[in-house]
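Below is one structure, written out as structure tokens, with a few remarks after it.
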Amino acid sequence: MTTDAEYPPDAYTPGGVLWWELTVSPAAEKQPFGQTSRLAAWLWFNKEVGSQFTMNELRGALGKDIDGRSEHLNRRLRELRENGWVIRSQRDGGRKLRHDEYCIDKFGARYWLKEERRQHRKAAPSARVRRLVFERDGHRCVLCGVGARESYPGESDTNARLTIGHRIPQERLRSRAAADDLDNWHTECARCNELARDQMPDPHRYDEVLGSVLRIGRSQGR
């Protein structure tokens, strides 16, 4: 394991223990510190965007008490994804990944910090919004067309995972003094992630297009 001297101050609990080495919650005595929190903290301070990790690597870093069964790892990764993390596996379309490898495309909320986790969940779409967006989009990625649990063309060993994302990121909406709404969410697969969309120009919004149409109509009527 990396030596303590290589970690910044926020890698440590108020008691001076590395977050991923914590076994008891600092907020409640005798309550175990969650495995998802330990996993998130270790990834945050030991990996970078674009880097990969394996379950064996996690167990070597976090200890044998980390459950190595795939269904438990998938549940923990799902919890991170629900908090803004983008983590790909081979089945998500990571063609250069082995079956036991995962790639971090984006870090989300610092899951081990309860307040930050709570703030992220307040801003995240509700289960109702997710359901409405999936139904509206036919349970298919609007960017590449792949359906839920379908394989990508020419990649029979993949299994597309769907989520929802912003057409226009919230930061850009605020800069334009625009409000977020259901129309700003759309269905996307793990491959068509937020990092790629950040390079795309904002799509036109209805109110902007309507204003342009009305101006054209007035000018032609003169």
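The values are calculated or read from the model by the stated rules, or taken from the named source; none is laboratory data. Computed from a predicted model, the values in this text were never measured in an experiment. Quick reminder, even Gly has a Cβ in these numbers, built from the backbone with ideal geometry, and neighbours come from all protein chains shown. Just so you know, the surface numbers come from the protein's heavy atoms only, side chains and all, with ligands and any DNA or RNA stripped out. Shrake-Rupley method; radii C 1.70, N 1.55, O 1.52, S 1.80 Å.
Looking at His139 and the list (1) out of contact with any Gly (no Cβ under 7 Å at 6 or more places or on another chain); (2) open to solvent by 80 Å² or more (accessible area, probe 1.4 Å); (3) not aromatic (Phe, Trp, Tyr), which single condition is not satisfied? So His139 meets the others, but not (1). Within the range 28-52, the set of residues being over 24 Å from the mean Cα position of the chain (by Cα), part of a loop (DSSP other than H, G, I, E, B) and farther than 19 Å from Glu115 by Cβ comprises Glu29, Lys30.
On the basis of being of a type in the set (Val, Ile, Thr), open to solvent by 40 Å² or more (accessible area, probe 1.4 Å) and modelled with pLDDT of 90 or more, does Val133 make the cut? No: the conditions fail for Val133. Scanning the range 153-196 for residues being modelled with pLDDT under 60 and either open to solvent by less than 20 Å² (accessible area, probe 1.4 Å) or in contact with a strand residue (DSSP E or B) (Cβ under 7 Å, 6 or more places away or on another chain) (or both) gives a total of 2. Flag: Ser25 does not match the condition of being small (Gly, Ala, Ser), open to solvent by less than 50 Å² (accessible area, probe 1.4 Å) and within 18 Å of the chain's Cα centre (by Cα).
Those residues that are outside any loop (DSSP other than H, G, I, E, B) and among the charged types (D, E, K, R), I need them from the range 131-173; list them, please. Selection gives Arg131, Glu135, Arg136, Arg140, Glu155, Glu171, Arg172.
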